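The next block holds one structure in the form of structure tokens; read it before the comments.
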Amino acid sequence: MELPREVVIGDGTLPEIGELYSRLGLGSPALVVTGHRTYGIAGKEVGTYVSEQGIEVYYVKADRPTLSEVRRVELLARTWGAKAIIGVGGGSKIDVAKLAASYLEIPMISVPTTASHDGISSPFASIKGLSRPYSARAKTPTAVLVDMDVIVDSPPRLVASGCGDVIAKFTAVRDWRLAHERNGEYYGEYAASLALMSARLVVRNADKIGAGSREGLRVLMEALISCGVAMSIAGSSRPCSGSEHLFSHALDVIRPGGALHGEQCGVGTIMMAKLHGLSWRRIRSVLTTVGTPVDADGISATPEQVVRALVMAPSIRPERYTILSEAHLSERKALELARSTRVLG
Ligand SMILES: [Zn+2]
């Protein structure tokens with residue numbers, strides 16, 4: 001298992017990136033992969049602190065998280081002879097940086113500017129244009145640096161989405177255990193507990209997170225990082241991604257770019273919780289408290305799209321056994337499930 005060597009999280013930690021980079025001995029030049037907006041929020045500053053350590057720094061502003069964008073970053077990094085990549089931005093910039101660094105087999109430091117999903121520290125990247133609609137395997141970030149001063153200013157919708165991605169672990173872990181019971185698939189108690197603990201912490205701090213308090217956001221950030229570590233320990237995305245993620249991936253296939261990853265996973269979790277016999281009402285209530293959508297309207301999906309996504313979900317990743325593998329949802333049953341959990345009115 002490959003874990004991050006250092007995780008730095010705190011208030012006003014951004015200037016520590018220079019020393020962190022030097023301490024890790026990553027070499028010169030460094031390539032900062034950031035976004036057009038996040039360059040101004042933290043990307044430029046990160047590059048400045050690293051260059052103060054005598055490291056030459058190049059910048060790339062990445063667009064959408066597509067394979068062609070990953071290839072462009074990879075080519076520029078090769079041209080400049082980059083020894084390491086620092087990804088600075090929301091989920092998608094981190095994912096582009098992470099996959100490019102994996103292709104180049106160089107270290108990557110993750111500097112998230114939002115708490116929108118669990119890819120911050122995980123060995124997976126969500127990139128469009130790959131052969132499958134779910135995350136690709138990548139290298140675990142060598143280090144993660146989080147400045148809470150930056151995170152508290154991130155848009156509430158992204159925070160809510162991050163909560164949806166963490167709450168999803170309740171059903172993801174159930175699916176993993178089911179696969180173990182039915183098919184003898186490897187199940188790691190430690191990784192599963194870590195993912196579940198993260199979800200429970202978000203539940204316990206839902207009020208604080210919903211209110212956007214610094215304390216609440218820090219819990220969420222630590223939960224997201226722990227989920228990434230759980231995936232590294234498990235050696236797969238199993239502890240963090242189950243039937244609720246398959247629903248989200250299916251929606252992305254049917255209707256790309258309709259809502260945020262964590263928002264769709266949150267709605268998926270409500271429905272999968274019912275199939276698992278968990279309290280879907282409790283999950284729905286926590287999602288409402290943190291401000292994550294709980295129905296089809298909230299994720300801009302039509303009733304037809306929700307039903308189609310539910311029916312399609314198990315075929316997205318046939319080798320991944322989940323509750324959907326035995327629920328055999330017909331269109332009628334899918335509609336019933338969505339209605340009974342108030343995802344459809
Ligand atoms: Zn996720």
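The values are calculated or read from the model by the stated rules, or taken from the named source; none is laboratory data. Quick caveat, the model's predicted, so the values are computed rather than measured. Note that each Cβ is placed from the backbone with ideal geometry, even for glycine, and that neighbours are counted across all protein chains shown. These accessible areas exclude ligands, DNA and RNA; they are computed on the full protein's heavy atoms, side chains included. Shrake-Rupley method; radii C 1.70, N 1.55, O 1.52, S 1.80 Å.
Where helices (runs of 4 or more DSSP H) fall entirely within the range 131-193, those with at least 1 residues that are over 30 Å from T13 (Cα atoms) are at 169-183. Only a single item in (1) within 14 Å of the ligand (Cβ to nearest atom); (2) in contact (Cβ under 8 Å) with a residue 24 or more places away in the chain is not met by S236, and it is number (2).
Of all residues in the range 201-223, those satisfying the criterion of being farther than 19 Å from P112 by Cβ and either among the polar types (S, T, N, Q) or buried (at least 16 other Cβ atoms within 10 Å of the Cβ) (or both) are V203, A206, K208, G210. With respect to the conditions (1) away from the ligand (no atom under 16 Å from the Cβ); (2) at pLDDT 95 or above, A168 falls short on a single one, namely (1).
Among the residues of the range 263-280, some residue qualifies, meaning at least one is touching a Leu at 6+ places or on another chain (Cβ under 8 Å), open to solvent by 10 Å² or more (accessible area, probe 1.4 Å), away from the ligand (no atom under 13 Å from the Cβ) and aliphatic (A, V, I, L, M).
Filtered by the rule that a residue be within 21 Å of S135 (Cβ to Cβ) and either in contact with a Pro (Cβ under 8 Å, 6 or more places away or on another chain) or acidic (D, E) (or both), the range 289-345 gives I299, I316, E319, T322, L324, S325. Which condition breaks for T114 when tested against (1) in contact with a Phe, Trp or Tyr (Cβ under 8 Å, 6 or more places away or on another chain); (2) at pLDDT 95 or above; (3) of a type in the set (S, T, N, Q)? Here T114 meets the rest and fails (1). Among the numbered conditions (1) within 14 Å of the ligand (Cβ to nearest atom); (2) surrounded by 24 or more Cβ atoms within 10 Å (Cβ to Cβ), the only one that L99 does not meet is (1). Selection of the range 137-156 for residues being open to solvent by 20 Å² or more (accessible area, probe 1.4 Å) and within 16 Å of the ligand (Cβ to nearest atom) yields only R137.
Rundown of residues vs (1) of a type in the set (A, V, I, L, M); (2) under 12 Å from C163 (Cα atoms), yes/no style:
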residue: S285; (1), (2): no, no
residue: T288; (1), (2): no, yes
residue: A296; (1), (2): yes, no
residue: I299; (1), (2): yes, no
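Entry remark, the range 14-59: residues being farther than 17 Å from G90 by Cβ, open to solvent by less than 30 Å² (accessible area, probe 1.4 Å) and in contact with a helix residue (DSSP H, G or I) (Cβ under 7 Å, 6 or more places away or on another chain) number 8 in total.
Restricting the range 181-198 to residues that are open to solvent by less than 50 Å² (accessible area, probe 1.4 Å) and either of a type in the set (S, T, Y) or without any contact (Cβ under 8 Å) to a residue 24 or more places away in the chain (or both), which is nearest to T269 (Cα to Cα)? Filtering the range 181-198 for residues that are open to solvent by less than 50 Å² (accessible area, probe 1.4 Å) and either of a type in the set (S, T, Y) or without any contact (Cβ under 8 Å) to a residue 24 or more places away in the chain (or both), the one nearest to T269 (Cα to Cα) comes out as S198. Cβ-Cβ contacts under 8 Å between residues 6 or more apart (or on different chains), taken from a first residue in the range 113-129 that is within 18 Å of S236 (Cβ to Cβ) and open to solvent by 20 Å² or more (accessible area, probe 1.4 Å) to a second residue that is among the hydroxyl-bearing types (S, T, Y) and assigned to a loop (DSSP other than H, G, I, E, B), are listed as H117/S126; F124/S135; F124/S237; S126/Y134; S126/S135. Residue-level check: of (1) without any contact (Cβ under 8 Å) to a residue 24 or more places away in the chain; (2) open to solvent by 80 Å² or more (accessible area, probe 1.4 Å); (3) over 18 Å from A138 (Cα atoms), D11 misses just (1). Screening S241, S248, S226 for residues that are assigned to a loop (DSSP other than H, G, I, E, B) and within 14 Å of the ligand (Cβ to nearest atom) leaves exactly one candidate, S241. Given the criteria assigned to a loop (DSSP other than H, G, I, E, B), open to solvent by less than 10 Å² (accessible area, probe 1.4 Å) and either touching a strand residue (DSSP E or B) at 6+ places or on another chain (Cβ under 6 Å) or within 16 Å of the ligand (Cβ to nearest atom) (or both), does S110 qualify? Against the criterion (assigned to a loop (DSSP other than H, G, I, E, B), open to solvent by less than 10 Å² (accessible area, probe 1.4 Å) and either touching a strand residue (DSSP E or B) at 6+ places or on another chain (Cβ under 6 Å) or within 16 Å of the ligand (Cβ to nearest atom) (or both)), S110 does not qualify.
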